[in-house]
1. Looking at the structure I just gave you, is residue 129 touching a residue at least 60 places away in the same chain (Cβ under 8 Å) and closer than 19 Å to residue 169 by Cα?
2. So, in region 137-159, exactly how many residues are at pLDDT below 70 and either outside any loop (DSSP other than H, G, I, E, B) or within 22 Å of residue 113 (Cβ to Cβ) (or both)?
3. Scan 45, 49, 55, 31 and give me the residue that is over 60 Å from the mean Cα position of the chain (by Cα) and assigned to a helix (DSSP H, G or I).
4. Mind listing whichever residues of region 86-136 are in contact with a strand residue (DSSP E or B) (Cβ under 8 Å, 6 or more places away or on another chain) and outside any strand (DSSP E or B)?
5. Return yes or no: is residue 30 surrounded by 10 or more Cβ atoms within 10 Å (Cβ to Cβ), within 30 Å of residue 129 (Cα to Cα) and not assigned by TED's automatic domain parsing to the domain that holds residue 128?
6. In this structure, does residue 11 turn out to be modelled with pLDDT of 90 or more, surrounded by 10 or more Cβ atoms within 10 Å (Cβ to Cβ) and out of contact with any strand residue (DSSP E or B) (no Cβ under 6 Å at 6 or more places or on another chain)?
C-alpha cells in the first residue's frame, strides 16, 4: 500500500526529529554534567567521612591524654603534699638542731668563774651560774628577795658566819 505524505508533514516531522535530537543531546550533556557533579560530591563526601574518622580518632586520643594528665596531676599533688609535710619536719628539725647546737656550745664554752653558795660561811655547793646558785639556795629554804651584796648594805660587812646564805663568785685558774 502506498501512502501519500505531504511534504509539509515530512518537513514538520524532520524539524521535530531535529528538535528532539537537540533536546536529547542537551539532556545527555546535562546528565554528564550532573554525573560529574555527583562524582565530585561523592569525593567530597568521602573526604568529609575520612576527616570525621580522623577527628574521632583525635578526640579519643586527646581524651586519653586528658585522663593521663589528670592522673599525673593527682600524683604530683600527693607528692607535693608529702614534700610540704617533709619540708615542715625538716624545718622543725633544723630549729631543734640549732637549739641543741647553741646549748652544746654554751656547755662547751669554758667558764672563767664559778659561784660558790655559802651557808653561814661554810661551802654548801658550787654552781656554774649565779642563777643556779640562787635556785639551789631557794630550794633549801632561802628567802627569794633576801639577796644583797655585802658592800652595798652596810658600812662594815658582817661576819661570814652571821650571813645565812651568801653567793661568792670566784675566778677559775687564778690563785691570789
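1. On the way: touching a residue at least 60 places away in the same chain (Cβ under 8 Å): no; closer than 19 Å to residue 169 by Cα: yes.
No.
2. 8
3. Numbers: 45 fails: over 60 Å from the mean Cα position of the chain (by Cα); 49 fails: over 60 Å from the mean Cα position of the chain (by Cα); 55 fails: over 60 Å from the mean Cα position of the chain (by Cα).
Answer to the selection: 31.
4. From region 86-136, those in contact with a strand residue (DSSP E or B) (Cβ under 8 Å, 6 or more places away or on another chain) are 112-119, 121, 123-130, 132-134, 136; that's our starting set.
112, 121, 128, 129, 130, 132, 133, 134, 136 - these are the residues of region 86-136 that are in contact with a strand residue (DSSP E or B) (Cβ under 8 Å, 6 or more places away or on another chain) and outside any strand (DSSP E or B).
5. Values: surrounded by 10 or more Cβ atoms within 10 Å (Cβ to Cβ): yes; within 30 Å of residue 129 (Cα to Cα): no; not assigned by TED's automatic domain parsing to the domain that holds residue 128: yes.
Here the answer is no, as residue 30 does not meet what is asked.
6. Working: modelled with pLDDT of 90 or more: no; surrounded by 10 or more Cβ atoms within 10 Å (Cβ to Cβ): yes; out of contact with any strand residue (DSSP E or B) (no Cβ under 6 Å at 6 or more places or on another chain): yes.
Here the answer is no, as residue 11 does not meet what is asked.
The values are calculated or read from the model by the stated rules, or taken from the named source; none is laboratory data. Values in this document were obtained by computation on a predicted structure and should not be read as measured data. Don't worry about glycine lacking a Cβ; one is built from the backbone with ideal geometry, like all the others, and counts go over all protein chains shown.
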